[in-house]
Amino acid sequence: MHLTALVTIFALLTYGAAGIQVARARRLYNIAAPATTGAPAFERAFRAQQNTLEWMPTFLASLWLCAYYVSDKWAALVGLVWIVGRILYIVMYARAADKRGTGFAIQAMAAGVLTASALVGIVNTLIAK
């Protein structure tokens, strides 16, 4: 499951990069922690990072269950699609809130595919026993 492990690292790096964007926006707009409101550009960066955090449990659990019960390569491939969607979401949300939809849809579909694949793999394993 080396490929899935690598994709997990990429996902963590993506989340870390979103956090760095929030820190930069805090400095740029002079918004001291723990404040979560202020300049709209800061708020968009903050929400993109928070939304990424909100999706991480669903993504990581389904990624690893899919890798274990279906295929390391399949899980890693769909995981990469999730990361691309997340990056697109973060970048477009930073530009304008109404631009985030495509990235969100891509990552949500990828998470759904991982979850459905894992479920099918688990059921097939149970039936085979």
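Name the residue from Pro40, Ile20, Val7 whose Cα lies farthest towards the positive end of the charge dipole of the chain, charges +1 on Cβ of Lys and Arg and -1 on Cβ of Asp and Glu.
Pro40
For the chain, build the charge dipole from Cβ charges (+1 Lys, Arg; -1 Asp, Glu) around the Cα centre, then report which of Ile31, Phe104, Leu65 sits farthest towards its positive end.
It is Ile31, whose Cα lies furthest towards the positive end.
Once Rg/Rh (Cα atoms, Kirkwood Rh) is worked out from the coordinates, which option in [x] 0.92; [y] 0.94; [z] 1.08 does it equal?
[z]
Quickly work out the Ala128-to-Val84 label distance, labels modelled 7 Å from Cα along the C-beta direction, and quote it in nm with one decimal.
Here the modelled spin labels are 2.9 nm apart.
What percentage of the solvent-accessible surface of the chain, computed with a 1.4 Å probe over protein heavy atoms, is contributed by carbon and sulfur atoms? If you can, show how the numbers build up before the last one.
Working: 5030 of 7270 Å².
Of all accessible area on the chain, carbon and sulfur atoms account for 69 percent.
What number comes out for accessible area per residue over region 63-108 if the probe is 1.4 Å? Units Å², please. It would help to have the intermediate numbers written out before the result.
Details: 2400 Å² over 46 residues.
Dividing the accessible area of region 63-108 by its residue count gives 52 Å².
Using θ = phi - 60° and the Karplus relation 6.51 cos²θ - 1.76 cosθ + 1.60, list the HN-Hα couplings for region 75-86 in order, rounded to whole Hz, with x at every Gly or Pro.
Going residue by residue, I get 4, 5, 4, 5, x, 5, 4, 4, 5, 4, x, 5 Hz, with x marking Gly and Pro.
Is there a quick way to get the dipole size of the chain? I mean about its Cα centre, with the Cβ of Lys and Arg at +1 and of Asp and Glu at -1; what is the value in debye to the nearest 20?
Using only the charged Cβ atoms, the result is roughly 300 debye.
Once you compute Rg and the Kirkwood Rh from C-alpha atoms, what is the Rg to Rh ratio for region 13-62?
On the way: Rg = 11.6 Å, Rh = 11.2 Å.
We get a ratio of 1.04 for region 13-62.
The values are calculated or read from the model by the stated rules, or taken from the named source; none is laboratory data. Small disclaimer: the values here were computed from a predicted structure and weren't measured. Heads up, the Cβs are rebuilt from the backbone with ideal geometry, glycines too, and the neighbour counts pull from every protein chain shown. Heads up: the accessible areas ignore ligands, DNA and RNA and are worked out on the full protein's heavy atoms, side chains in. Shrake-Rupley method; radii C 1.70, N 1.55, O 1.52, S 1.80 Å.
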